[in-house]
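Single-structure report; data block below.
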Amino acid sequence: MAERELLRFLTAGSVDDGKSTLIGRLLHDSNALYQDQLASVRRASPDSSIDFSLFTDGLRAEREQGITIDVAYRYFSTPKRKFILADTPGHEQYTRNMATGASNADLAVLLTDARKGLLPQTHRHAAIAWLLGIRQFAVAINKMDLVGFEEAVFRKIAGDFRRFAEKLGPIDLVFIPTCSLDGDNIARRSSRTPWYDGATLLEHLESVPAGPRRSGRMRFAVQTVLRADGEPRRYAGQIASGALRAGDPLIALPSLRGSRVASIRIGDRELDSAAPPLSITVSLEDDLDLGRGDMLADPACPPRAGRRIRATLLWMSDRPLEPGRPYLIKHTTRQVCASVTRVYGALDPATLEQRPAATLALNEVGECEIECHQPLYFDPYAENRLTGSFIVIDPIGNGTLAAGMILCEAEEAAAAPASTLGLTVWFTGLSSAGKSTIGQAVYEKLWARGYKVEWLDGDAVRRNLSKDLGFSKEDRDENVRRVGFVAEMLTRNGVIALVSLISPYRQAREEVRRRIGNFLEVYVHAPLEVCEQRDVKGLYRRARAGEIPGMTGVNDPYEPPLNPDLECRTDRETAAESAAKVIEAIERRLAQAAADQS
Amino acid sequence: MPTEISHLQTLEAESIHIIRETAAEFSRPAMLYSIGKDSSVLLHLARKAFSPARIPFPLIHIDTTYKFREMIEFRDRLACELGLKLIVHTNRAAIAEGANPFRLGTAKCCAQLKTKALLDALRDHRVDAAIGGARREEERSRAKERIYSFRDAYGQWDPRNQRPELWNLFNGRIEQGETMRVFPLSNWTELDIWRYIEQERIEVVPLYFAKEREVLVRGELLIPVEHNPPAGPGETVERVVCRMRTLGCTYCTGAIRSEADTVAKIIEELERAERSERENRLIDHDRDGSMEIKKREGYF
């Protein structure tokens, strides 16, 4: 059988190009709608005619506004094939939902309104579908009835699209003149387009080669390890590519240890061989210590491994990409900490123009360099959709921020700043003065510049290292001593240790400074009234209400530094200005220390 | 040399992948088990996913007390035979106050005995991921739902702001109190379910097979009489050869006239079907967009 049984495809197009109607028509004319569904849609349509768009716009908000917000999945089959259709929104605002639908599709049906021709959104959808790996496009030039089924209009739009597609790369293209309202060339050939002798949309969908390109070398990411009494360990996962047979040699990553397949099973049924996309379990001839996130691969051609990768990101969050900010990456069954170290530029999907950019905003696409805390085992996305893709997750808000497609390993990092010297940067000041805000900003900037940096924040310390301590003078001094001890070890090992701690007593701070030596005291300074007004954690309010005894500034003293290395007046400067000042001071101090050393 | 992978194999592989991801990434997952055909397939897939080990999570059944006796018998026998950890939860307080579909109407009854009971059960057992057998094909708001469907601390679905979900990479990160609903059967159709039941010889509740049953005839609807639904004017109880196409509470699950008494005959019947699966589910039709409203409130 040359064609596969299942075709996954998406439909995309600009708002009002008639996409939902086309789908309704496709389902109706391939007898995929039930009578009661037809009846319910007839009831809801204003004039008891069938409004086909009501089949797919399944949310009340969509029906109210007459737009598609999120991707809808529809299932239908003809005697030739089964179809999973992802109906994706046309509105630019919902591009991420369009990408959701495109990520698992083999083909894109793109709609254009014959009266309007190609719109920026048509280009955008084509480009995003192409980036996500779709190479087969059927362009339905719709609403042909409104241009009198004029062949010249059809030819003109087809020519325009062909020129645009050439800029994308190799692509399979067909153009079909349609009128979805009446069903012309959807499931039945139209008598109103005698000049068109190509296939109807449905004929085309039934005959194109389908199924993801699953060839390639064997890749199997371990999802989980299964144990049962008296049985060898079994590794569970889904085959991403290549074939697997009992006896095949394998290499395990990251251990690089080799073994052979002892057995393959689905459930309790033994198989001689297995191919993508089967979810199987395997046992190995040797006892390797494998866990979730590890990979088994063809030893003759293992995947690439690297912590630094170059990838195309499609940014899907309202909050723009922030280089240096800690993110999580989920790739195969691994989840690693990572940050974007460089944005090479942004691509406008509508014009395919590259422009220089330092960040990516919602719905923007760009090539970036990403540094992960652990290596990824990957293939370029162009070779393997499953081992070449990842998502970026917000470690704080938990949302999915971006979709990533790996291009290659990144070239070696620009050598990290030469210094191997450590330094402790001690932020002291009242509660709500801005210590943590500046600390965080400085941390991210230094990390992005390649420094080894750690951040000891007062609140985190109180939850962990000093969980047992209260707020008496003795306990506060003990807290400062403990943090000082950790900072000293870090400094000795070439790390920049950022400490943000109220540390109200001068003597305790001086003691730490003497012990550490390479020490930068930063006085984060805002008048008490300002801090009290900010009251980020509500502590002042509670202290004034008598709920917290020993609150620094209220009923316990704060002894400001007499001679700080740096003072940040957070009531007069922004956090970014303060952070820039601190970084400048750090780099000056490191340069000076390096000069002293040589 | 590797033979062509069938459509059912593809669906099976996708579902097993999803079930395993959920078990691996959440600390207290559970499977919502409704005893119906989809749940039977889901349970079969879970057993396959973890063989030779046991299913690493419990099953939760929300019992409204208006289920068919045959369903409860089937559930208890299966749990016993397979050695499953089964949690049964009922909103006793609401039932004590007399909640029933005849008095409250179906929308309010569902809110109390299903949605509230479900949210309570998830909270009591500190479940962070609830795996369910819903399919996108069933209903048009379900067609919009992600495989990993995020619910806030009140169990609510926000259809306008779903997380993007690409490839087979699921984002399961949540905060304490929030939950994920996971739908491994999202891409299955009713026919796929029955063809898989046939292929894998999965046992299902006998209510799916046609035989002569006592039903209250209300126009096109055939309402099972097990919990004594009040008859309206002109409505009679008759013995009709029928079967259930979906299973829920007796009153809200209409039977269909059918002679299909084997899995093969059911498949044949569905291939010719002109009416949709949930047409006879009263609860889907109590108002426009009723499934979406229920889902937003926390319903499965």
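The values are calculated or read from the model by the stated rules, or taken from the named source; none is laboratory data. Bear in mind that the values here come from a model prediction, so they are computed numbers and not experimental data. Please note: Cβ atoms are built from the backbone with ideal geometry, for glycine as well, and neighbour counts cover all protein chains shown. All accessible areas refer to the heavy atoms of the entire protein, side chains included, with ligands and DNA or RNA removed. Shrake-Rupley method; radii C 1.70, N 1.55, O 1.52, S 1.80 Å.
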Any hit, region A:300-307, residues being touching a helix residue (DSSP H, G or I) at 6+ places or on another chain (Cβ under 7 Å) and closer than 30 Å to A:GLU364 by Cα: no
Every residue from region B:123-144 that is away from chain A (no Cβ under 14 Å) and open to solvent by 50 Å² or more (accessible area, probe 1.4 Å): B:ARG123, B:ASP124, B:HIS125, B:ARG126
Some residue of region A:297-310 being buried (at least 16 other Cβ atoms within 10 Å of the Cβ) and within 12 Å of chain B (Cβ to nearest Cβ): no
From the options B:VAL205, B:VAL217, residue that is within 21 Å of the chain's Cα centre (by Cα), among the aliphatic types (A, V, I, L, M) and surrounded by 15 or more Cβ atoms within 10 Å (Cβ to Cβ): B:VAL205
Single condition B:LEU11 does not satisfy, out of (1) open to solvent by less than 10 Å² (accessible area, probe 1.4 Å); (2) in a helix (DSSP H, G or I); (3) touching a strand residue (DSSP E or B) at 6+ places or on another chain (Cβ under 8 Å): (3)
Residues within region A:260-289 that are assigned to a loop (DSSP other than H, G, I, E, B) and either within 7 Å of another protein chain (Cβ to nearest Cβ) or crowded, with 22+ Cβ neighbours inside 10 Å (or both), tallied: 6
Conditions (1) open to solvent by 10 Å² or more (accessible area, probe 1.4 Å); (2) within 14 Å of another protein chain (Cβ to nearest Cβ): number failed by B:LEU166: (1)
Subset of region A:384-413 that is outside any strand (DSSP E or B), touching a residue at least 60 places away in the same chain (Cβ under 8 Å) and among the hydrophobic types (A, V, I, L, M, F, W, C) - its residue that is nearest to the other protein chains (Cβ to nearest Cβ): A:LEU386
Some residue of region B:173-187 being facing chain A (nearest Cβ under 7 Å), open to solvent by 20 Å² or more (accessible area, probe 1.4 Å) and in contact with a Leu (Cβ under 8 Å, 6 or more places away or on another chain): yes
Filter pass, A:LEU111 being within 22 Å of A:ARG189 (Cα to Cα) and in contact with a Gly (Cβ under 6 Å, 6 or more places away or on another chain): yes
Number of the condition not met by A:GLY230 [criteria: (1) surrounded by 21 or more Cβ atoms within 10 Å (Cβ to Cβ); (2) at positive phi]: (1)
Index of the failed condition, A:ASP184 passing every other in (1) away from chain B (no Cβ under 14 Å); (2) acidic (Asp, Glu); (3) open to solvent by 70 Å² or more (accessible area, probe 1.4 Å): (3)
One residue from B:ALA134, B:ALA121 being at pLDDT below 95 and farther than 30 Å from A:ARG334 by Cβ: B:ALA121
B:ILE197 vs. criteria surrounded by fewer than 23 Cβ atoms within 10 Å (Cβ to Cβ), more than 7 Å from every other protein chain (Cβ to nearest Cβ) and modelled with pLDDT of 95 or more: yes
Helices (runs of 4 or more DSSP H) fully within region A:486-598 counting 1 or more residues that are hydroxyl-bearing (Ser, Thr, Tyr) and farther than 25 Å from A:GLU322 by Cα: A:539-544
From B:LEU45, B:LEU59, B:LEU8, B:LEU32, residue being under 18 Å from the mean Cα position of the chain (by Cα), of a type in the set (A, V, I, L, M, F, W, C) and within 14 Å of another protein chain (Cβ to nearest Cβ): B:LEU45
3 or more residues closer than 18 Å to A:GLY293 by Cα and within 14 Å of chain B (Cβ to nearest Cβ): qualifying strands (runs of 3 or more DSSP E) within region A:311-383: A:327-331, A:334-348
Inter-residue pairs, beta-carbon under 7 Å, first touching a residue at least 24 places away in the same chain (Cβ under 8 Å) and in region A:448-475, second among the β-branched types (Val, Ile, Thr) and part of a loop (DSSP other than H, G, I, E, B), 6+ apart: A:LYS452/A:VAL495; A:VAL453/A:VAL495; A:GLU454/A:VAL495; A:GLY458/A:ILE502
Selection count where residues are surrounded by 15 or more Cβ atoms within 10 Å (Cβ to Cβ), basic (Lys, Arg) and more than 17 Å from A:PRO557 (Cα to Cα), scope region A:467-479: 0
Number of the exception - A:TYR94 against (1) open to solvent by less than 20 Å² (accessible area, probe 1.4 Å); (2) closer than 19 Å to A:ALA402 by Cα; (3) within 14 Å of chain B (Cβ to nearest Cβ); (4) touching a strand residue (DSSP E or B) at 6+ places or on another chain (Cβ under 8 Å): (4)
Some residue of region B:97-108 being modelled with pLDDT of 90 or more and basic (Lys, Arg): no
Filter result (outside any strand (DSSP E or B) and either within 9 Å of chain B (Cβ to nearest Cβ) or not small (Gly, Ala, Ser) (or both)) within region A:231-252: A:GLU231, A:PRO232, A:ARG233, A:ALA243, A:ASP248
Residue match in region B:150-158 (condition: modelled with pLDDT of 95 or more, open to solvent by less than 10 Å² (accessible area, probe 1.4 Å) and more than 11 Å from every other protein chain (Cβ to nearest Cβ)): no
Output for region B:64-75, where each listed residue is surrounded by 18 or more Cβ atoms within 10 Å (Cβ to Cβ) and assigned to a loop (DSSP other than H, G, I, E, B): B:THR64, B:TYR66, B:PHE68
Residues of region A:487-496 that turn out to be under 34 Å from the mean Cα position of the chain (by Cα) and either closer than 15 Å to A:ILE438 by Cβ or free of Cβ contacts under 8 Å to residues at least 40 places away in the same chain (or both), as a count: 1
Sole residue being without any contact (Cβ under 8 Å) to a residue 40 or more places away in the chain and either basic (Lys, Arg) or open to solvent by less than 40 Å² (accessible area, probe 1.4 Å) (or both), chosen from A:THR200, A:THR193: A:THR200
Region A:137-157, subset part of a helix (DSSP H, G or I) and touching a Leu at 6+ places or on another chain (Cβ under 9 Å), residue surrounded by the fewest Cβ atoms within 10 Å (Cβ to Cβ): A:ASP145
Residues of region A:450-466 classified as loosely packed, with under 14 Cβ neighbours inside 10 Å and touching a helix residue (DSSP H, G or I) at 6+ places or on another chain (Cβ under 9 Å), total: 1
